[in-house]
Amino acid sequence: MTPTPRQPATVRHAARLADAALAALTVVGVMTGVLAAEVHESPWEGLIQLSLFLGALMFVRRRLPMTVLLLSIAAIFVYRAGSHFQGGWIWPAWAAYFSAATTRHVRWAALVGVAQLVHATVDFWPVLDRNVGRFVIHIAGEGLLLVLFITAGLAYASVARWRERLRESDGRARDAEERLRVSREVHDIVAHTLAVVGVQLNVAADALQEAPDEAAAALRLAQNVRNRAMADLASLIGVLRDGPGDTAPQPDLAALHMLAADARAAGLDVVLDERGDPSAVPAAPAVAVHRVVQEALTNTLKHAGASKVEVIVEYGARSVTVEIKDDGRAGHDGSGIMERHGLIGMRERVSALGGSLTVGPVPDGFAVRAEIPVAGSKA
């Protein structure tokens, strides 16, 4: 219930406003209630002092709830001792009882209330001989108010705890979603880089003796791919350090030609066929298209033994259709950890946007096909 220094400034500001409002309500309520219940003339100075004192206590009620309750009761005792006020013992301390009931001290608050109710009964006992009905109504009303104030505090505390658990649950869900997003990004960057660099290193090793120029070119390409991957990882790590409010630079549809060029340099005959207008595709579907193509080419390089890959991207008014088909051996979707995570990542990206993904063998090869909505996607 008490704002801690780690809470946002807006929460602390709202708490201070609530305390000020409760203080003002206490001052007005006590003065109005006492004046309405007075039978004999009561000193204004004492009433003003009591009201202001009870109101001022509201500013420390969060840190010292039981102290505020006990001081409130003591102030009521002092006021009654110097006046003819007979309007009740419990209700002037209503805010103090409510505040104490919102804390772990609720049992002590209830015990103090019962003790005060017993004292009120003794104090009002002479009325019993003159007017039994008035005595019963007065004591029952005091008891009812005590139950009402404590119950209201308990209900408020329960609602606050429920909201806190809901915020924590939402926070955990956001953290899990962020971890999943980061894991997909890391996998896509690292897996593609390792696949291309691995092929180029094999080319360099085979050509080192007989064709040093070819080996040097392969090493330069491997170095370029590695540098791009390091830049992407550095951006991602920077986002993680700076906080969830920032976003890492995301690949776009223009980078599909770079993916195709990397695969061609690794020995694949890649045909990239783009149909329609890519400029109308929003950022989220564009990233998903890029990552699907990247993962499919990576798996082809690592597992297919293929010589040719055809990548068809069709940009429609409502969706983007991506199909990657190679002439390698069927069933090369991979069995290693990176490959399993790659396929899972593709499915998660596509399904998060309300799309569909199919992966499997086709006549004379293997195909990956994704349909990703553009308009009205869940993203």
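Computed from the coordinates by the stated procedures, all read-outs in this text should not be read as laboratory data. Not measured: the values here are computed from a predicted model. Here the Cβ is made from the backbone with ideal geometry for all residues, glycine too, and neighbour counts use every protein chain on show.
Points to keep in mind about this one:
- Net length available on complete extension from LYS308 to VAL114 is 61.2 nm, with 0.36 nm assigned per residue and the Cα-Cα distance removed.
- On full extension, the segment bounded by VAL147 and SER351 gains 68.2 nm, given 0.36 nm per residue less the C-alpha separation.
- Label-point gap, in nm, between ARG275 and VAL136 - each point 7 angstrom along Cα→Cβ: 9.0 nm
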